[in-house]
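Have a look at the structure below, then the notes.
The values are calculated or read from the model by the stated rules, or taken from the named source; none is laboratory data. On a predicted model such as this, the values are computed, not experimentally measured, just so you know. Positions of Cβ are backbone-derived with ideal geometry, glycine not excepted, and every protein chain shown enters the neighbour counts. These area figures cover heavy atoms from the full protein model, side chains too; ligands, DNA and RNA do not enter into them. Shrake-Rupley method; radii C 1.70, N 1.55, O 1.52, S 1.80 Å.
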Amino acid sequence: MKDRIIKKLEDQIKTLTKTIEKGNEVHVSASSKEYIGMMEYKKEDEERIVQNLILDLKPRGVVVNMIPGLPAHILFMCVRYADYLNDADMLKSFIHVTIDGIKQVVKENSEDFEMLSFWLSNTYYFLNCLKQYSGEEEFMKYNTPSQNKNCLKHFDLSEYRQVLSDLAIRIYHQFILVMENNIQHMIVPGMLEYESLQGISGLKPTGFRKRSSSIDDTDTYTMTSILQQLSYFYSTMCQNGLDSELLKQAVKQLFFLIGAVTLNSLFLRKDMCSCRKGMQIRCNISYLEEWLKDKNLQSSNAKETLEPLSQAAWLLQVKKITDDDAKEICEHCTSLSTVQIVKILNSYTPIDDFEKRVTPSFVRKVQAMLNNREDGPQLMLDTKYHFQVTFPFTPSPHALEMIQVPSSFKLGFLTRV
């Protein structure tokens with residue numbers, strides 16, 4: 001009886017050992033399979049790829065734990081497969097339907113900041129992949145040896161790089177426009193009208209009634225509103241993997257708008273041209289500078305776009321009586337034109353009896369000192385001005401052979417090669 005039990009146990013151990021060994025063999029063969037960084041697809045699958053990977057993809061559902069620009073990398077792996085087959089028609093057709101798909105998703109979501117951010121990012125990554133794996137020396141030098149093995153073998157796609165670059169520029173401008181439209185109505189209430197400095201709120205310039213506003217007092221935009229909106233833009237761009245250089249350019253454009261809209265409003269509002277309002281503006285600028293520092297965006301040159309507004313705030317606060325005052329104003333206000341400086345001086349309105357209006361003779365003195373300046377007669381800043389966008393080449397560190405397709409993409413009909 002005892003021997004039978006022992007034999008039975010020994011047989012069970014042998015069976016378990018064989019099962020484990022078999023399992024290990026399967027595991028090793030699966031993990032040791034070498035992928036070469038392509039996605040095998042059939043020509044008739046093109047429309048499904050575009051539908052599932054471009055038109056139906058929702059950024060919020062896929063950005064968590066995803067490598068930046070994953071859809072772009074998958075698209076490029078399909079391009080590599082067509083190149084590997086040396087099939088010019090297949091390759092041309094795939095790139096055309098891909099570009100048309102991106103155009104369509106951008107057109108259908110032209111007011112959706114998250115979608116525009118997502119497809120700006122992916123168009124940029126797709127463009128970079130076409131450069132990185134082009135086989136051209138200027139791009140190959142940034143690759144690892146294994147990445148250079150993944151370069152295109154048969155076709156030169158440089159003409160498509162230009163098409164994608166033009167498309168990326170169009171998406172970028174729409175993306176900027178949507179951000180501007182979302183923040184513009186907050187700028188004057190938050191930067192100029194809202195008074196957060198203690199002791200200012202009860203004071204109004206002498207001779208002015210309280211300015212009526214279309215914004216209800218309980219729903220007034222503040223500096224906090226602007227900072228929160230900027231933070232939403234920033235976090236969305238980061239989640240969608242937008243390249244840091246592109247992100248910096250976008251933030252610089254937004255800061256230019258904030259500075260230009262605030263300054264233009266100041267030129268038109270005598271009730272805002274006081275020493276204490278200058279202090280408030282300077283305080284708000286410091287909040288924006290702190291936001292840049294907090295997001296590590298000091299190298300974006302966004303701060304520099306606020307310089308005209310910063311100088312206007314300084315001009316409201318300084319003494320405006322003696323020749324030395326006039327000289328200091330001329331030396332300091334280099335980002336403001338003569339017309340703009342004179343406008344602020346003439347608009348200056350004391351809040352209380354301790355301040356004095358700027359005398360006409362002092363204004364003439366400043367004008368005389370600025371006579372040699374070569375600047376135009378334009379008073380208002382062009383708030384529609386856009387800095388030229390550049391798309392720097394940033395090689396992807398991700399090895400194509402390691403990229404896997406999440407099941408949420410619904411691309412089960414593709415085969416990882």
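Which sequence of Trp119, Trp314 reflects their accessible areas, 1.4 Å probe, from the largest down? If you can, show how the numbers build up before the last one.
Details: Trp119 5, Trp314 55 Å².
So, going from the largest accessible area down, we get Trp314, Trp119.
Using the alpha-carbon centroid of each, what span in Å lies between the stretch 363-386 and the stretch 268-309?
20
Compute the angle between helix 244-268 and the longest alpha-carbon principal axis of the chain, please, reported from 0 to 90 degrees and rounded to the nearest 10.
Once rounded, the angle reads 20 degrees.
With 25 Å as the limit, write out which pairs from Lys131/Lys248; Lys103/Lys410; Lys58/Lys303 have Cα-Cα distances beyond it, or answer none. Can you show the working numbers first?
On the way: Lys131/Lys248 22 Å; Lys103/Lys410 21 Å; Lys58/Lys303 34 Å.
As for pairs spanning more than 25 Å Cα to Cα, those are Lys58/Lys303.
Can you give me the solvent accessible area of Lys131 with a 1.4 Å probe, rounded to the nearest 10 Å²?
40
For His386 and Cys151, what does the FRET efficiency come to when R0 = 35 Å and r is the distance between their Cβ atoms, rounded to the nearest 0.05?
Values: r = 35 Å, r/R0 = 1.01.
Here the calculated transfer efficiency is 0.50.
With a 1.4 Å probe and every protein chain kept in, tell me what percent of the accessible surface of the chain is carbon plus sulfur.
Details: 11250 of 22060 Å².
Whole-percent figure for carbon plus sulfur exposure: 51.
With angles folded into 0 to 90 degrees, how steeply does helix 113-132 sit against the dominant principal axis of the chain? Use alpha carbons for both and round to 10.
Helix 113-132 sits roughly 60 degrees off the main axis of the chain.
Please list Glu401, Glu290 in order of solvent-accessible area, largest first, computed with a 1.4 Å probe with all protein chains present.
Values: Glu401 40, Glu290 110 Å².
Sorted descending by solvent-accessible area, the residues read Glu290, Glu401.
Just to be sure I understand: with springs between alpha-carbon atoms less than 10 Å apart, which residue in Phe139, Phe387, Phe175 has the highest mean-square fluctuation in the Gaussian network model of the chain?
Largest GNM mean-square fluctuation: Phe387.
At 1.4 Å probe radius, can you tell me the per residue accessible area of the chain in Å²?
53
Give the Rg (one decimal place) followed by the Dmax (whole number) of the chain, computed from C-alpha coordinates and expressed in Å.
Taking only Cα atoms of the chain, I get Rg and Dmax of 30.8, 122 Å.
Where Rh is the Kirkwood radius over the Cα pairs of the stretch 286-417, the temperature 20 °C and the viscosity 1.002 mPa s, what D in µm²/s does Stokes-Einstein return?
Details: Rh = 19.6 Å.
Result for D is 109 µm²/s.
Output needed for the stretch 27-185: three equivalent-ellipsoid semi-axes, defined as square roots of 5 times the C-alpha gyration tensor eigenvalues, in descending order, whole Å. Don't jump to the answer; show the numbers that get you there.
On the way: eigenvalues 162, 64, 55 Å².
They are 28, 18, 17 Å, listed from largest to smallest.
Just to be sure I understand the model, the point goes 7 Å from the Cα along the line to the Cβ. What's the resulting Ser408 to Thr144 distance in nm?
Calculated label separation equals 2.6 nm.
Divide by every residue of the chain the summed helix terms, -39500 (n - 2.57) for each DSSP H run of at least 4, and state the resulting mean residue ellipticity at 222 nm, rounded to the nearest 500 deg cm²/dmol. Kindly include the intermediate steps, with their values, before the conclusion.
On the way: 16 runs with 236 residues, N = 417.
Calculated from helices alone, the mean residue ellipticity at 222 nm is -18500 deg cm²/dmol.
Can you tell me, using C-alpha contacts under 8 Å and at least 6 residues apart, the relative contact order of the stretch 266-335 as a whole percent?
Numbers: 43 pairs, mean separation 27.8, N = 70.
Relative contact order comes out at 40 percent.
How high is the relative contact order of the chain, in percent, with contacts defined as C-alpha pairs under 8 Å that are six or more residues apart? Kindly include the intermediate steps, with their values, before the conclusion.
Numbers: 460 pairs, mean separation 92.8, N = 417.
Rounded, it is 22 percent for the chain.
With θ taken as phi - 60° and the coefficients 6.51, -1.76 and 1.60, list the Karplus ³J(HN,Hα) couplings across the stretch 171-183 in order, rounded to whole Hz; mark glycine and proline as x.
For the stretch 171-183, the Karplus curve yields 5, 4, 5, 5, 4, 5, 4, 5, 5, 4, 5, 7, 10 Hz.
Give the angle, between 0 and 90 degrees and rounded to the nearest 10, that separates the Cα long axis of helix 2-31 from the longest principal axis of the Cα atoms of the chain.
50
Need one value: the accessible area of Lys141 in square angstrom, 1.4 angstrom probe, rounded to the nearest 10.
Here the accessible area works out near 130 Å².
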